[in-house]
1. Taking the radius of gyration and the Kirkwood hydrodynamic radius from Cα positions alone, what is the Rg/Rh ratio for chain A, to two decimal places?
2. Would you calculate the separation in nanometres between label points at B:Leu80 and A:Asn56, each defined as 7 Å from the Cα along the Cα-to-beta-carbon direction?
3. Let's test this: bin the Cα-Cα distances of the protein assembly as shown at 10 Å from zero up to the farthest pair and state each bin's percent.
4. Under the definition of Cα pairs under 8 Å and six or more residues apart, what whole-number percent is the relative contact order of chain A?
5. Can you list the HN-Hα couplings for segment B:38-55, worked out from phi with the Karplus curve (6.51, -1.76, 1.60; θ = phi - 60°), rounded to whole Hz and with x for Gly and Pro?
6. Any idea of the accessible area per residue across segment B:5-58, 1.4 Å probe, to the nearest Å²?
7. If you roll a 1.4 angstrom probe over the protein chains with everything in place, what fraction of the accessible area of chain A belongs to carbon and sulfur, to the nearest %?
8. For the interface of chains B and A, what total accessible area is buried with a 1.4 Å probe, rounded to the nearest 100 Å²?
Amino acid sequence: KAGVTQTPRYLIKTRGQQVTLSCSPISGHRSVSWYQQTPGQGLQFLFEYFSETQRNKGNFPGRFSGRQFSNSRSEMNVSTLELGDSALYLCASSLAGSRYTEAFFGQGTRLTVV
Amino acid sequence: LAKTTQPISMDSYEGQEVNITCSHNNIATNDYITWYQQFPSQGPRFIIQGYKTKVTNEVASLFIPADRKSSTLSLPRVSLSDTAVYYCLVGGHTGTASKLTFGTGTRLQVTL
């Protein structure tokens, strides 16, 4: 079956702009989580959506937001971009309620803010 | 969440068995131990998960002693393609990818 799909793969934006990233989870997976990965901070949890509701949130400013649609696809938005937002943004889907916490990650979107 | 400590890097030759140990002294009773593998510019990939004793799948084995304060990921006969960063995670298994805490990981370099 198809894996987690993230689009676009690469983005270049200017400071102050906003950006929207998309994630299509594995079919049947209802939980979608987003992570930011940078060389300095490593992998950090942004938020999780389940059944169109944000269920958990990491320690990021309000400029980072997301949503989930009825088909479980998710988007995350970053407004007023800063240079420090340059990172690999990863989406992970899971079959919530499964016995093991096996998260399936997409290839990520590489965002560069200039 | 339990903090994990792993070696920053390891080197191995192709064909050898590699053991990466992770310390998690503050592991809680309901915490599971999970290992992920990550290649550059890709998302992490689930390798194996366990609670106690030994777990084996087609790619790795996970050894967990009785006190569960550490765990060892064993990769049999590594190849060049196993060069990656390996993360040890400890936490309750919620069935989701929510709030996973990734440490710095162990960078494994496999050479000929």
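The values are calculated or read from the model by the stated rules, or taken from the named source; none is laboratory data. Keep in mind the model is a prediction, meaning the values are calculated, not measured. Note that each Cβ is placed from the backbone with ideal geometry, even for glycine, and that neighbours are counted across all protein chains shown. Accessible surface areas use protein heavy atoms only, side chains included; no ligands, DNA or RNA. Shrake-Rupley method; radii C 1.70, N 1.55, O 1.52, S 1.80 Å.
1. 0.96
2. A separation of 3.8 nm, rounded to one decimal place.
3. So the P(r) values, bin by bin, are 8, 33, 34, 20, 5, 0.
4. It comes to 37 percent, rounded to a whole number.
5. So the Karplus estimates, Gly and Pro as x, are 9, 9, x, 6, 10, x, x, 10, 4, 9, 6, 9, x, 10, 7, 6, 10, 10 Hz.
6. So segment B:5-58 comes to 57 Å² accessible per residue, rounded to a whole number.
7. Answer for chain A is 48 percent, counting heavy atoms of protein chains only.
8. So the buried area, both faces added, is about 1900 Å².
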